[in-house]
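Below: one structure, written as structure tokens.
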Amino acid sequence: LFRSGSQLLGTTKVLTDATGLATFSSIKVDVTGTYTLKAYSPGLTAAISSSFTATGTALAASIAFFQQPIGAFVAGTAWATQPIVKVFDAAGNVVSVAGSVTLSLVSNSGDDSAVLSGTVTSPLAAGVATFSGLSINRASSGYVLTATYNALTATSMLFDILPGPIATISLSVSASVVRNTAFSATVTLRDSVPNTVSHLFPTAITIRLTSGSGVLSGTTTVNTVNGVATFSNLLLSTAGAVQLTATGGGFTSTAASVTVTTDAGSIQILGSGVCYEGSTTTYLVKLTSQPTATVTIAIAGDSKITPITTSLTFTTTNWNKAQVVKVSATDDFTYTAISHTGTITHTPTSTDSAYSGATPSWSPSTIVGGSYV
């Protein structure tokens, strides 16, 4: 067989019959192209055939990945190890056939929204399709490629795509929150694609108030988990328009605009509502949210119950610390087995509109008779 890089397959050596005729059957070549055959026998002059052409259409029996897409691939970046696909005949020999091989992502492997980019179709050269510049934009695990040549297909081994390095951090928070009411926010580390950068060690993220008045409190620094930092108990002290910014990993997020609305401040009463005639009792009072200014509460009673504590003052720093109120039930020196009621009122005054006209959620009121004339 006269052609470099190819083989003559089958039974290539036979005996002559009684007439001196040597008959060959089922011989074939492994690569398409133009050939000449040489027949020879010891002691005889060799004979050279006329040239003939072997086509490959009927010879291609299967295709397979000769080089798999295996490696630590980064999303959006061309792989260091690019796939190579070969075409084989039924005997497992590479077949030099015309045409090209196309690669595609197997459905439901990796991220279904991913896109395979680069030269996804490669022409065959001597039965080999070599690919270059391939990349996938979405980070995920368990990707599989399908190679297609005419009606023949092959699938690759599983491989993963990792996120790239952090390129940005994004802050997500509600556009409107209530003053002094806990709200949540999330900060996500992203690469340039952008994918969530989840394969790094925890990164400390801090949220700051960068525009507007008031104070941002709560837990303002947390570590990321799988590329996401979750804040659950942030509070803003002052109503109005503000901007929040997240920083971490050497990056700063785009500022997020938040409108802080005024909450309906109220007075919370804690304690028993029972007081015996001629005796005293106490209960606790505190505010339900931080005021923007001092709140003074005037305490008044009626003919049946009298406050000994007549005024309380709450500031922006002690608003959530309960204060004690002491009251005394009037003794009318008349025996009665029936309980009756008295009313204690709590009237706040403040330049903070949230506490203008605020009312308590409960007031001690039951008076138990227990005196004799």
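The values are calculated or read from the model by the stated rules, or taken from the named source; none is laboratory data. All values reported here derive from a predicted model rather than from experimental measurement. Here the Cβ positions follow ideal geometry from the backbone for every residue, glycine too, while neighbour counts run over all protein chains shown. For accessibility, only protein heavy atoms count, side chains too; no ligands or nucleic acids. Shrake-Rupley method; radii C 1.70, N 1.55, O 1.52, S 1.80 Å.
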Here is a list: 241, 298. Which entry is of a type in the set (Gly, Ala, Ser), exposed (fewer than 14 other Cβ atoms within 10 Å of the Cβ), over 47 Å from the mean Cα position of the chain (by Cα) and more than 30 Å from residue 164 (Cβ to Cβ)? 298
Single residue of the range 261-288 satisfying the filter (within 15 Å of residue 345 (Cα to Cα), among the hydrophobic types (A, V, I, L, M, F, W, C) and open to solvent by 40 Å² or more (accessible area, probe 1.4 Å)) that is modelled with the lowest pLDDT: 270
Of the conditions (1) at pLDDT 95 or above; (2) among the small types (Gly, Ala, Ser); (3) surrounded by 14 or more Cβ atoms within 10 Å (Cβ to Cβ); (4) in a loop (DSSP other than H, G, I, E, B), residue 164 satisfies every one except a single condition; which number is it? (1)
Yes or no: the range 204-216 includes at least one residue that is touching a residue at least 60 places away in the same chain (Cβ under 8 Å) and among the aliphatic types (A, V, I, L, M). no
Give me the residue from the range 315-324 that is over 13 Å from residue 180 (Cβ atoms) and touching a strand residue (DSSP E or B) at 6+ places or on another chain (Cβ under 7 Å) and, out of that set, most open to solvent (accessible area, probe 1.4 Å). 321
Which one is farthest from residue 202 (Cα to Cα) among residues in the range 221-237 that are open to solvent by less than 40 Å² (accessible area, probe 1.4 Å) and of a type outside the set (Phe, Trp, Tyr)? 237
Within the range 112-127, is even one residue exposed (fewer than 14 other Cβ atoms within 10 Å of the Cβ) and touching a residue at least 40 places away in the same chain (Cβ under 8 Å)? no
Of all residues in the range 344-363 being modelled with pLDDT under 70 and polar (S, T, N, Q), which is least open to solvent (accessible area, probe 1.4 Å)? 363
Subset of the range 133-149 that is at pLDDT below 95 and surrounded by fewer than 17 Cβ atoms within 10 Å (Cβ to Cβ) - its residue that is farthest from the chain's Cα centre (by Cα): 142
Which condition number in (1) open to solvent by less than 60 Å² (accessible area, probe 1.4 Å); (2) hydrophobic (A, V, I, L, M, F, W, C); (3) closer than 15 Å to residue 346 by Cβ is the one that residue 308 fails? (1)
Only one of 53, 45, 102, 81 is free of Cβ contacts under 8 Å to residues at least 40 places away in the same chain and part of a strand (DSSP E or B). Can you tell me which? 53
Flag for residue 40 being more than 45 Å from the chain's Cα centre (by Cα), surrounded by 17 or more Cβ atoms within 10 Å (Cβ to Cβ) and at negative phi: no
